[in-house]
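K.L.:
Dropping a structure here in structure tokens format, bear with me for questions.
The values are calculated or read from the model by the stated rules, or taken from the named source; none is laboratory data. Note that the coordinates shown come from a computational prediction; the quantities given were computed from them, not determined experimentally. Because the Cβ atoms are built from the backbone with ideal geometry, glycine has one as well, and the counts that use them run over all protein chains shown. Quick note on the areas: whole protein, heavy atoms, side chains included, nothing else; ligands and nucleic acids left out. Shrake-Rupley method; radii C 1.70, N 1.55, O 1.52, S 1.80 Å.
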Amino acid sequence: MKKGFFALVIMLLGCGGCSPDSLINNLELMTQNTETQSISINDTTTVAPKFDQSSLSGDSISGTKFDRTIQIVFADGGAHVTGDINNTVTVDDNYVTVNNTTDEKVIYELSGTSNDGSIKLYSSKKQALVLDGLELTSTKGAAINNQGKKKCFVVVKGINVLKDATTYSSTPADEDEKAALFSEGELIFSGNGTLTVTAQGKSGITSDDYVHFMESQVINVTSSAGHGIRGKDAVIISDGTVSVSVSANMKKGITSDSLVCINGGETVINVSGSAAYDSEDSEYKGTAGIKADYLFEINAGSLSITNTGTGGKGISGDMTGSFNGGYVKVITKGSNYGQSSSNRYGSGSSNSVSAKGIKFDGNLFFNGGTVIVNCSAHEGIESKVNITVTDGVVYSYSAADDAINSASTFTIEGGYVCGYAVKNDGLDANGNFYIKGGTVYAIGKSQPEVGIDANTEGGYKLYVTGGTIIAIGGLESGSSLSQNCYQASSWNPNILYSLTIGSDVIVFKTPSSGGTPLVVSGGSTPTLMADVTATNGTVILEGMIITNSSVSGGTQVSLSSYTGGNGGGFVPGGPGGPGGPGGW
């Protein structure tokens, strides 16, 4: 999938008559356009783009009829080849070259052990590699190097280990060889075995087309030199277990020039490398658990990312992020790269790279599932355009900046959203902020920061027309409040409060510290109780809210009408508040 084509498709989605299902007609169509175009990207779509899953209909190996099978066993004394060879295979000790010049589709069954060997394949047809007890280390480059541009099915059986060389010394000038397991064409993984890839010279697994994990295979990738897994056109995880650990500077756990899509399975990514200067692109770059240049999409499955590197991000994209289902947890522990006392968190300096949880240059959509972010040094979740929440559970904690920030419009229509900022705004929009539904819990610092902020200085507003709202630190001054809001006389830290609106009861936990006032709002006049006891129920938003619980005890808190701002001198635990701090 070439950048120009993909950019054009997403641009077209910005027009009202375009269907989001047309974002990706199919991967084969996109790979037909080989010209890289320079197209200005203006991602203003208000409907979440959607990857067309029918593009993957041909990825099941059962749908391909193979013509013959060749067995290759690596061993001391050289590789042993049997089966219907048909002058296809040449052997030099344990360095095997396959050159299929026929119109036949061939299965290669690979097994055995070599500490100095590899397999290289040339073919103009689809092929399959069955890894069944293969342990292969190359001293010259990739362990498996597929130069064929058609689908390459990788069937994982038993325990398999691949390792590349620290230096790639035998790559022809007219060929690519980018990873321990490299393919010019698509890599389609299936089976129920385990594959462990150690990359010490370049990346772990790379396709110059796309990579697709389909079944219950277990894939473990460790890279100290390059990316963990890279699919130029896409990386798609439909099932199985994918574990990636990357320690190289500037590198990513999973990356694509276009699409990263998670439809199931369990994915765990650990990144520890630092940001650094990229002399090739003449810019500073950071690491990331996942980097998708055009679209990141998760629909099901689980994703866990931990990035401890300086200037490292959890999930990053040059355009759109779409969270539709599944479970996502992102932890970034590293500091910002290039920060200085004269330049807040390093932002704006030419050599700075910020460490954020989830950051996209385009729109962010939260339509379902659970997203948990914990960030030490910068914003937890940030979009450089718009953020829209329609459903799901979204929690973001930042120890240093805004918990969730939109550079333009921020809209909440449903779901549960919690932004917990220790030093800044809980939820922040640099444009208009619309709360139309859902349950919103915002925790911000005291003035000039607030719980929920809109850019009134720029002529924008916070508009509240619906939803259930709890805001520690208050709401931006000048807000348009079509739904009545109320200010608590005071609040105490680290205790349980219940908020009753009609027949609905929500229990929330206050933070250890935060701004004032505590503001609540709902579809009818609320009742606020402090220091309650909650029995049973469902704990969400990292323990900040309990739903569907039985509530008892507590002291009613007096409420007064509220129109915006966080002034008034209310102090947590001050006069009129309930008793001292309690706990869970």
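K.L.:
Say whether the condition of being outside any strand (DSSP E or B) and of a type in the set (A, V, I, L, M) is met by at least one residue in the stretch 94-111. Spell out how you get there, then give the answer.
P.N.:
Quick first cut of the stretch 94-111, residues outside any strand (DSSP E or B) only: 94, 101-105.
Adding the requirement that they be of a type in the set (A, V, I, L, M) leaves none.
No, that holds for no residue.
K.L.:
Quick one: how many residues across the stretch 96-112 are open to solvent by 20 Å² or more (accessible area, probe 1.4 Å) and closer than 17 Å to Asp76 by Cα? Let's see the steps before the verdict.
P.N.:
Going residue by residue through the stretch 96-112, those that are open to solvent by 20 Å² or more (accessible area, probe 1.4 Å) are 97, 99, 101-105, 107, 109, 111.
Now drop any that are not closer than 17 Å to Asp76 by Cα, which leaves 111.
Number satisfying all stated conditions: 1.
K.L.:
Identify, please: which residue in the stretch 79-88 is at pLDDT 95 or above and not in a loop (DSSP other than H, G, I, E, B) and is, among those, least open to solvent (accessible area, probe 1.4 Å)?
P.N.:
Taking the candidates together, the pick is Val81.
K.L.:
While we're looking at this one, here's another question. Does any residue of the stretch 458-472 turn out to be under 24 Å from Val551 (Cβ atoms), touching a Ser or Thr at 6+ places or on another chain (Cβ under 6 Å) and not aliphatic (A, V, I, L, M)?
P.N.:
Going residue by residue through the stretch 458-472, those that are under 24 Å from Val551 (Cβ atoms) are 466-472.
Still in the list and also touching a Ser or Thr at 6+ places or on another chain (Cβ under 6 Å): 468-469.
Subset that is not aliphatic (A, V, I, L, M): 468.
Within the stretch 458-472, one or more residues are under 24 Å from Val551 (Cβ atoms), touching a Ser or Thr at 6+ places or on another chain (Cβ under 6 Å) and not aliphatic (A, V, I, L, M).
K.L.:
Return a yes/no flag: does the stretch 437-448 have any residue that is farther than 17 Å from Ile381 by Cβ and among the small types (Gly, Ala, Ser).
P.N.:
Taking every residue of the stretch 437-448 in turn, at least one turns out to be farther than 17 Å from Ile381 by Cβ and among the small types (Gly, Ala, Ser).
K.L.:
I would also like to ask the following. For the structure I just gave you, tell me whether Gly301 is on the phi > 0 side of the Ramachandran plot and open to solvent by 10 Å² or more (accessible area, probe 1.4 Å).
P.N.:
Working: on the phi > 0 side of the Ramachandran plot: yes; open to solvent by 10 Å² or more (accessible area, probe 1.4 Å): yes.
Considered against the rule, which asks whether it is on the phi > 0 side of the Ramachandran plot and open to solvent by 10 Å² or more (accessible area, probe 1.4 Å), Gly301 comes out as yes.
K.L.:
Restricting attention to the stretch 250-276, report how many residues are surrounded by 24 or more Cβ atoms within 10 Å (Cβ to Cβ) and touching a helix residue (DSSP H, G or I) at 6+ places or on another chain (Cβ under 7 Å).
P.N.:
1
K.L.:
Considering every residue within the stretch 205-227, establish whether at least one is polar (S, T, N, Q) and touching a helix residue (DSSP H, G or I) at 6+ places or on another chain (Cβ under 9 Å). Walk me through it before giving the result.
P.N.:
We begin by selecting, within the stretch 205-227, every residue polar (S, T, N, Q); these are 206-207, 216-217, 220, 222-224.
Narrowing the set further to residues that are touching a helix residue (DSSP H, G or I) at 6+ places or on another chain (Cβ under 9 Å) leaves none.
Within the stretch 205-227 (the criterion being polar (S, T, N, Q) and touching a helix residue (DSSP H, G or I) at 6+ places or on another chain (Cβ under 9 Å)), the answer is no, since none of the residues qualifies.
K.L.:
So, one more: Is there a residue in the stretch 346-366 that is closer than 29 Å to Gly301 by Cβ, at pLDDT 95 or above and surrounded by fewer than 22 Cβ atoms within 10 Å (Cβ to Cβ)?
P.N.:
yes
K.L.:
Still on this model: Which pairs do you get when a residue that is farther than 24 Å from Asp402 by Cβ, found in the stretch 502-519, comes within reach of a residue that is of a type outside the set (Ser, Thr, Tyr) and assigned to a strand (DSSP E or B), reach meaning Cβ atoms under 7 angstrom, with the pair 6+ apart or on two chains?
P.N.:
Partner pairs satisfying both residue conditions: Val505/Val551; Val507/Leu496; Val507/Ala534; Val507/Ile545; Val507/Ile546; Val507/Val551.
K.L.:
Could you list, ordered by first residue, the pairs with Cβ atoms under 6 Å in which the first is in the stretch 244-266 and under 22 Å from Thr370 (Cβ atoms) and the second is part of a strand (DSSP E or B) and hydroxyl-bearing (Ser, Thr, Tyr), at least 6 apart or interchain?
P.N.:
Pairs that qualify, where the first residue is under 22 Å from Thr370 (Cβ atoms) and the partner is part of a strand (DSSP E or B) and hydroxyl-bearing (Ser, Thr, Tyr), are Glu266/Thr241; Glu266/Ser302.
K.L.:
Turning to a different aspect of this structure: Mind counting the residues in the stretch 210-226 that are open to solvent by less than 30 Å² (accessible area, probe 1.4 Å), of a type in the set (Ser, Thr, Tyr) and under 17 Å from Ala142 (Cα atoms)?
P.N.:
Total satisfying the criteria: 1.
K.L.:
Return the residue satisfying two criteria in turn: it lies in the stretch 427-444 and is part of a loop (DSSP other than H, G, I, E, B) and farther than 19 Å from Gly458 by Cα, and of such residues it is most open to solvent (accessible area, probe 1.4 Å).
P.N.:
From the stretch 427-444, those part of a loop (DSSP other than H, G, I, E, B) are 430-432, 436-438, 444; that's our starting set.
Pick out the ones that are also farther than 19 Å from Gly458 by Cα and you get 436-438, 444.
Values: Lys436: 107, Gly437: 9, Gly438: 24, Gly444: 1 Å².
Taking the candidates together, the pick is Lys436.
K.L.:
Give the stretch 445-472 a look and list any residue that's more than 23 Å from Thr527 (Cα to Cα) and part of a strand (DSSP E or B), or say none. Explain how you work it out, then say what you get.
P.N.:
Initial filter on the stretch 445-472 (more than 23 Å from Thr527 (Cα to Cα)): 445-449, 453-462.
Matches in the stretch 445-472: Asp453, Leu462.
K.L.:
Right, something else. Quick check on the stretch 304-315: of everything there that is under 15 Å from Val244 (Cβ atoms) and in contact with a Phe, Trp or Tyr (Cβ under 9 Å, 6 or more places away or on another chain), which residue is surrounded by the fewest Cβ atoms within 10 Å (Cβ to Cβ)?
P.N.:
Among residues in the stretch 304-315 that are under 15 Å from Val244 (Cβ atoms) and in contact with a Phe, Trp or Tyr (Cβ under 9 Å, 6 or more places away or on another chain), the one surrounded by the fewest Cβ atoms within 10 Å (Cβ to Cβ) is Ser304.
K.L.:
Having 3 or more residues that are touching a residue at least 24 places away in the same chain (Cβ under 8 Å), of a type outside the set (Val, Ile, Thr) and open to solvent by less than 30 Å² (accessible area, probe 1.4 Å) is the bar; report the strands (runs of 3 or more DSSP E) wholly within the stretch 113-176 that clear it. Don't jump to the end; show me each part of the working.
P.N.:
Values: elements: 118-123, 127-137, 144-146, 152-157, 159-163.
Ranges flagged: 118-123, 127-137.
K.L.:
Considering only residues that are farther than 14 Å from Glu135 by Cα and outside any strand (DSSP E or B), which ones fall in the stretch 177-199?
P.N.:
Glu177, Lys178, Glu184, Gly185, Glu186, Asn192, listed by residue number.
K.L.:
Among the residues of the stretch 227-244, write down those that are within 12 Å of Asp59 (Cβ to Cβ) and open to solvent by 10 Å² or more (accessible area, probe 1.4 Å). It would help to see each step written out before you state the result.
P.N.:
Looking only at the stretch 227-244, we keep the residues that are within 12 Å of Asp59 (Cβ to Cβ), and these are 234, 236, 238-239.
Of everything in the stretch 227-244, those that are within 12 Å of Asp59 (Cβ to Cβ) and open to solvent by 10 Å² or more (accessible area, probe 1.4 Å) turn out to be Ser238, Asp239.
K.L.:
Kindly indicate the residue of the stretch 53-72 that is part of a loop (DSSP other than H, G, I, E, B) and among the small types (Gly, Ala, Ser) and also surrounded by the fewest Cβ atoms within 10 Å (Cβ to Cβ) among those meeting that condition. Please lay out each step first, then the result.
P.N.:
Filtering the stretch 53-72 for residues part of a loop (DSSP other than H, G, I, E, B) gives 57-60, 64-67.
This time we only want the ones that are among the small types (Gly, Ala, Ser), so: 57-58, 60.
On the way: Ser57: 9, Gly58: 16, Ser60: 13.
Across the stretch 53-72, the extreme among qualifying residues is Ser57.
K.L.:
Which residue pairs have Cβ atoms closer than 6 Å, lie 6 or more positions apart in sequence or on different chains, and pair a first residue in the stretch 373-384 that is among the charged types (D, E, K, R) with a second residue that is not in a strand (DSSP E or B)?
P.N.:
Every condition considered, the pairs that remain are Glu379/Lys356; Glu379/Asp401; Glu379/Asp402; Glu382/Lys356; Lys384/Asp361; Lys384/Ala407.
K.L.:
Consider Asp93 carefully, then state whether it is surrounded by fewer than 20 Cβ atoms within 10 Å (Cβ to Cβ) and modelled with pLDDT under 95. Steps first, please.
P.N.:
Working: surrounded by fewer than 20 Cβ atoms within 10 Å (Cβ to Cβ): yes; modelled with pLDDT under 95: no.
In short, no.
K.L.:
Here's something else I'd like to know. Restricting the search to the stretch 183-212, which residues are of a type in the set (Ser, Thr, Tyr) and in contact (Cβ under 8 Å) with a residue 60 or more places away in the chain? Quick ask: steps written out before the conclusion?
P.N.:
Just the residues of the stretch 183-212 that are of a type in the set (Ser, Thr, Tyr), to begin with: 183, 190, 194, 196, 198, 203, 206-207, 210.
Scanning the stretch 183-212 gives Ser190, Tyr210.
K.L.:
Of all the strands (runs of 3 or more DSSP E) wholly in the stretch 473-582, which have at least 3 residues that are open to solvent by less than 60 Å² (accessible area, probe 1.4 Å) and modelled with pLDDT of 95 or more? Steps first, answer last, please.
P.N.:
Details: elements: 485-488, 496-501, 504-509, 518-521, 527-530, 533-535, 538-540, 545-547, 550-552, 559-562.
Result: 485-488, 496-501, 504-509, 518-521, 527-530, 545-547, 559-562.
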